[in-house]
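The next block holds one structure in the form of structure tokens; read it before the comments.
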Amino acid sequence: MDNYIIEMLNITKVFPGIIANDNITIQLKKGEIHALLGENGAGKSTLMSVLFGMYKPEAGIIKKNGEVVEINDPNDATALGIGMVHQHFKLVEVFTVLDNIILGAETTNKLGFLKKKEAREKVERLSKEYNLQVDLDAKVQDISVGMQQRVEILKMLYRDNEVLIFDEPTAVLTPQEIEELLLIMKNMAKSGKSILFITHKLNEIKAVSDRCSVLRKGKYIGTVNTSDTTIEELSEMMVGRKVDFNVFKKPSEPKEEILRVENISLKSKIKKGNVVNNVSFNVRRGEIVCVAGIEGNGQTDLVYGITGLEKITSGNIFLKGKNITHASIKERNTNGFSHIPEDRHKYGLILDFTLENNMVLQRYEEPMFQNHGFIKPKAVREYSDKLIEEYDVRSGQGSVTIVRSMSGGNQQKAIIAREMDKDHDLLIAVQPTRGLDVGAIETIHKRIVKERDEGKAVLLISLELDEVMSLSDRILVMYEGEIVGEFDPKTTTVQELGLYMAGAKRMEGGSK
Amino acid sequence: MTFIFLFLILAVIIGGFSVYAILTTKKAKANGYETWLMKFYAKDSVKTIISSVTAILLGLLVGCLFLIMFVGSEMSGRSISGFDLIDALQLIFFGGFNTGRNEFGSLIYGWNGVSLGNMLFRATPLILTGLSVGVAYKTGLFNIGAPGQYLMGTAAALIVSLTIPSDVIPPFIIWIIAFLSAIIAGALWASIVGLFKAFLNVNEVITCIMTNWIAAILVTSLFDKTTGPFNFLLDPSGDKNYKFVYKTAHNGVETIKLGLDKLFPGSQINAGIIVAILIAILMFIIINKTTFGYSLKSCGSNKHAAQYAGINSKLYITLSMAIAGGLAAAGAALYYLSGNTEFTWSTYQSLPAIGFNGIPVALLASCNPIGIIFSASFMAYLDISGLQIRNMTMYNEYISSIVSALIVYFSAFALIFKQILSGKIKLFRKKKEDISNAVDTRFKEEDYNVDKKEETDSKEVETTEEGGTE
């Protein structure tokens, strides 16, 4: 017990309606790299926020070097030598690298002038020691994302932090940058720093970590020595066995093709190269095709490309045999698309509009809701009331509620109601059950299956493997912008999917 | 005396009402039902009005303090006495109704057709520039280019109304042609800004400011005394040789009065105010009742969602600017086509203030077109009150302008008062625990707030560390 630098014992953190961390114990040895593995929403980030003092747990204690400590806010965490690299960096873009590193921990002389020379020496020494080359005089806005991350790491080292938390550090990096980062992490561990590494990429865990703790849906599953385990075992621990989440459905009877995507590519906005690379697939009437994959592997952009929110750089899209590659969003909407967007606040809703106005977002120009350019308020109200009733959208004042004041789950239900009720041939649902409680998830799943049975084509994009397995008729796995495999859910296993999702395996030739 | 008496009655009514409100609310809360007053107060529009009025009253209060500060100082050749102060305080509120002084030297009030008529006349272009800013704002655009659009409208209205011979075409028809051509000129001018914004994503504030000055120079060069192509429209009469363009009355073009001059004898008022109000109502209907308005508002509220819904935001951004430009230009046309207003053509050094005043007018009314009618009238009333203070007391015109400015300045706080009323801003902080809870829920509910919170957290870290190293 004496060699644990940080121990989080029996941590429980409850948010209204959900237990984010349920009695979780994690012990970090000095000088080890400890991976924290789990699906999205498993409670990893919440747990780290507890350690970094951003949340106060309902139960449980935190020990440092065997002594109980109280961490009330990030100041306490910093004082205890705990540093964190956030997924989204906290840097001042217009400052130089050096200024960013010393910001907040400046040493000054008696007159209050900065002692930059000393600071520079210290940073230079550190960057040599840990092999973290950065141009100290470059402005942060001019350097690459990988370099910015190095700045963040140097910031922690400059403050002499002993415990370093990395929150999904590889999510924004290119493969080479990831390799470099993993090397740096190993170096730091060797020189006595203890590292907590949040991720859901199994390869990385296998590559660098000494031990790995797995969380699933807020519960602690176990801790294993990475060297004693295989990627398959880890993925099983992460995803878990099938829960009683079986959606009853008949075997699918696919009919004619609704959507065909041919060799489409999209340019990435953050890094070089394509974020979606030469993807082809089709969706037929009466089937649910699911694109599975770990977040950030191009699924979002694929949907943007198909729906027209972003321009594709190459390839063609066909809807019911018609080429719609250059069609406007409106044409796509009126000719058969329904789209439940991933980002409900950005795309799905106009938060400052009333619920009823949001319910007719794409449809207010239909003759049902307007007469010579004048909106028929009565028709809109009746329609909105009908959807609210049918889809159980709960809000303070019904149709006239400002959407911003509604809870996330009900906002999501409103979008689902709108998109499912709209006349469509193809439903593109991105993470349709995000933020919903179990009961609502069940209803939504049933509705999606019903859509299929009614002869609609469904393209589902989901990060939840449970959802993927129980709903889809066909699974496409996306990894780094490409489709690396196509599966039949009846003949494949979650473990197998996990391997493809993490990039450990791929089918030659991509999708068939 | 009557003034003080009125004030007392008002105080008693307000006091009595608040006592009634407090008592009934307390009782209702204890027994778990809602009174009409509570329901009334819960409405968003009521909160808007209350907060606007509070903001204005606060501005008046500070304006009064400002007036008090100058008591005893020398101004207009005589030192300001306490009587001046009392008169000025009355005039801020009731200046528009002042009809002079009685034989004892105290102010008397009544129907002052000149003041009130002029107020409405001044409000006319303000309503339209306010609408110009407000409509653009609904689409998420900040139209600071109203002065330029106003100038283009002025030039178009004057040129058309003065060059079409009135002995061939009836003046009434000329008026309509001039009015419409002003609107078209302003719309085209503003759509330059819209196109830049829509297709090149150039910030509209930059292009607005640039087009403002381009318009000023363009209009000046059009009427330039020696080289301008329209210098034959300059009025050589009077001692201000060639400083002004002819009044449109020179060609017989005048806005009809519709009997309003009987109601407000001696003032400049004409039917323009009615046109302005009708346009405001029209804009209200367009924005709130039509699919076109829905599209405009969607683009302004959340352009991503508008894009998602298939609304062509480029088109609507351009259209919104064009409408804004047309409105500002319509204001100019109504002002200069009245027949008796003079236009100084040499505007290249300054932009028309009416254009800029559209901004506070619109913001004061939360960009509600109907509200803009009232806020523009309010601004015009303050102008008239200022004039009365200058005329009736020893305070000079600058002081009265400052007081008006203060009131406008404070009215910009209306939004903050509204947030206080709806409990979004807490005046008094509660216990620390409550705050942290509040932070927690916010943290959970809105994913995109997470970054913000973390930012503040890291800032806190930084500050304490700074303390530590000293």
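Just the Cα atoms of chain B, one point each, no solvent: what log10 I(q)/I(0) does Debye give at q = 0.06 Å⁻¹?
-0.35
If R₀ is 60 angstrom, what is the calculated FRET efficiency for the pair A:Lys190 and B:Gln419, using the beta carbon separation as r and rounding to 0.05?
0.65
If you take the beta carbon distance between B:Ile108 and B:Val53 as r and set R0 to 41 Å, what does 1/(1 + (r/R0)^6) give as a FRET efficiency, to the nearest 0.05?
0.90
Taking N as the number of residues in region B:80-161, what value does Rg over Cα atoms divided by 2.2 N^0.38 Å take?
Ratio of Cα Rg to 2.2 N^0.38 Å: 1.65.
For the cross-link pairs A:Lys217/A:Lys450; A:Lys272/B:Lys197; A:Lys267/B:Lys297; A:Lys90/A:Lys116; A:Lys201/A:Lys255, which exceed 26 Å when the distance is taken from alpha carbon to alpha carbon?
From A:Lys217/A:Lys450; A:Lys272/B:Lys197; A:Lys267/B:Lys297; A:Lys90/A:Lys116; A:Lys201/A:Lys255, over 26 Å: A:Lys217/A:Lys450; A:Lys272/B:Lys197; A:Lys267/B:Lys297; A:Lys201/A:Lys255.
For A:343-351, what's the mean count of beta carbons from other chains sitting within 10 Å of each residue's beta carbon?
The per-residue average across the peptide is 6.
I'd like the per residue volume of the convex hull spanned by the Cα atoms of region B:121-393, given in cubic angstrom.
It is 141 Å³ per residue.
By how many nm would the segment from A:Lys250 to A:Glu295 grow when fully extended, if each residue of separation counts as 0.36 nm and the alpha-carbon distance is taken off?
Once the chain is fully extended between A:Lys250 and A:Glu295, it gains 13.2 nm.
Taking the Cα centre as origin and putting +1 on Lys and Arg beta-carbons and -1 on Asp and Glu beta-carbons, what dipole magnitude results for region A:98-191, to the nearest 20 debye?
480
Within region A:28-134, which GluC sites (Glu not before Pro) sit in a loop by DSSP and count at most 14 neighbouring Cβ atoms inside 10 Å?
In loop regions of region A:28-134 (DSSP not H, G, I, E or B), the sparsely surrounded GluC sites (Glu not before Pro) are A:Glu58, A:Glu70, A:Glu93.
Scaled to the compact-protein estimate 2.2 N^0.38 Å, what is the alpha-carbon radius of gyration of the protein assembly as shown, rounded to two decimal places?
Taking the Cα Rg and dividing by 2.2 N^0.38 Å, one obtains 1.14.
Can you grab the distance from the C-alpha centre of region A:410-434 to the C-alpha centre of region B:241-268, Å, no decimals?
Rounded to whole Å, the Cα centres lie 60 Å apart.
How large is the helix-only mean residue ellipticity at 222 nm for chain A, computed as the sum of -39500 (n - 2.57) over DSSP H runs with n ≥ 4, divided by its residue count, in deg cm²/dmol to the nearest 500?
The per-residue figure over chain A is -9000 deg cm²/dmol.
Just in region A:1-86: which trypsin sites (Lys or Arg not before Pro) are loop by DSSP and have at most 16 other Cβ atoms within 10 Å?
A:Lys30
Checking the a/c ratio against 1.5 first, then a/b against b/c, what shape does the Cα gyration tensor give for region A:92-158?
Here region A:92-158 falls in the oblate category.
Rank A:Leu111, A:Ile143, A:Val85 by how far each Cα sits towards the positive end of the charge dipole of region A:68-203 (+1 on Lys, Arg Cβ; -1 on Asp, Glu Cβ) and give me just the farthest.
A:Leu111
Put a dot 7 Å past each Cα toward the Cβ at A:Glu121 and B:Thr99; how far apart are the dots in nm?
Computed distance between label sites B:Thr99 and A:Glu121 equals 8.8 nm.
For the residue pair B:Phe142 and A:Thr107, what label-to-label distance in nm results when each label sits 7 Å from Cα along the Cα-to-beta-carbon direction?
4.3
Using +1 at the Cβ of each Lys and Arg and -1 at the Cβ of each Asp and Glu in region B:250-345, identify which of B:Cys299, B:Leu319, B:Ser267 lies farthest towards the dipole's positive end.
B:Cys299
Would you mind working out the magnitude of the charge dipole of the protein assembly as shown relative to its Cα centre, with +1 at each Lys and Arg C-beta and -1 at each Asp and Glu C-beta, to the nearest 20 Debye?
Computed charge dipole of the protein assembly as shown: roughly 1640 debye.
Over all distinct alpha-carbon pairs, what is the Kirkwood Rh of chain A in angstrom?
Taking the inverse mean of 1/r over all distinct Cα pairs, chain A comes out at 25.0 Å.
Go from 0 up to the bin containing the longest alpha carbon distance in region B:28-110, width 5 Å each, and give me the % of pairs per bin.
3, 11, 14, 14, 14, 10, 8, 7, 7, 6, 3, 2, 0
Take the alpha carbon gyration tensor of region B:1-158, find the square roots of its eigenvalues, order them as a ≥ b ≥ c, and report rounded if a/c is under 1.5; if not, report prolate when a/b exceeds b/c, else oblate.
It is oblate, given that a/c is not under 1.5 and a/b is not larger than b/c.
With a 1.4 Å probe and all protein chains kept in place, how do B:Tyr41, A:Tyr347 rank by accessible area, largest first?
B:Tyr41, A:Tyr347
With 29 Å as the limit, write out which pairs from A:Lys13/A:Lys64; B:Lys257/B:Lys418; A:Lys346/A:Lys386; A:Lys139/B:Lys138 have Cα-Cα distances beyond it, or answer none.
B:Lys257/B:Lys418; A:Lys139/B:Lys138
If you place +1 on the Cβ of every Lys and Arg and -1 on the Cβ of every Asp and Glu, how big does the dipole about the Cα centre of chain B come out, in debye to the nearest 20?
Rounded to the nearest 20 debye, it is 1260 debye.
Starting from 0.36 nm per residue, how many nanometres of slack lie between A:Ala504 and A:Phe374 once their C-alpha separation is accounted for?
Taking 0.36 nm per residue and subtracting the Cα distance, the gain is 41.1 nm.
Considering Cα pairs under 8 angstrom that are at least six residues apart, work out the relative contact order of chain B and quote it in whole percent.
27
Show log10 I(q)/I(0) for region A:347-423 at q = 0.20, 0.24 Å⁻¹, two decimals, from a solvent-free Debye sum over equal Cα scatterers.
-0.78, -1.11
Tell me which DSSP H helices of chain B clear both cut-offs, 30 Å or more of axial length from alpha-carbon atoms and a mean Kyte-Doolittle hydropathy of at least 0.5.
B:2-31, B:44-69, B:113-138, B:171-200, B:313-336, B:369-392
Could you check what % of the DSSP bridge pairs in the protein assembly as shown are antiparallel, to the nearest 5?
60
Kindly provide the Kirkwood hydrodynamic radius of region B:203-281 in Å, to one decimal, from all pairs of distinct alpha carbon atoms.
In region B:203-281 this quantity evaluates to 15.9 Å.
Report, in whole Å, the centroid distance computed from the Cα atoms of region A:334-380 and region B:330-376.
Going from one Cα centre to the other spans 35 Å.
At what distance in nm do the modelled label points of B:Thr25 and B:Leu278 sit from each other, each positioned 7 Å from its Cα along Cα→Cβ?
Label at B:Thr25, label at B:Leu278, 4.3 nm between them.
With both partners inside chain A, how many of the DSSP beta bridges are antiparallel, as a percent to the nearest 5?
Percent antiparallel among DSSP bridges in chain A is about 55.
Say R0 is 35 Å: what FRET efficiency, to the nearest 0.05, do A:Gln397 and B:Leu315 get from their beta-carbon distance?
Given R0 = 35 Å and the Cβ-Cβ separation, E is 0.60.
May I ask for the distance between the Cα centers of region B:156-189 and region A:131-158, given as a whole number of Å?
Each part's Cα centre sits 64 Å from the other's.
The values are calculated or read from the model by the stated rules, or taken from the named source; none is laboratory data. If you're wondering where the values come from, they're calculated on a predicted model, not measured in any experiment. Using ideal geometry, Cβ is built from the backbone for each residue, glycine included, and neighbour counts are taken over all protein chains shown. Please note that ligands, DNA and RNA were not included when accessible areas were found on the heavy atoms of the full protein model with its side chains. Shrake-Rupley method; radii C 1.70, N 1.55, O 1.52, S 1.80 Å.
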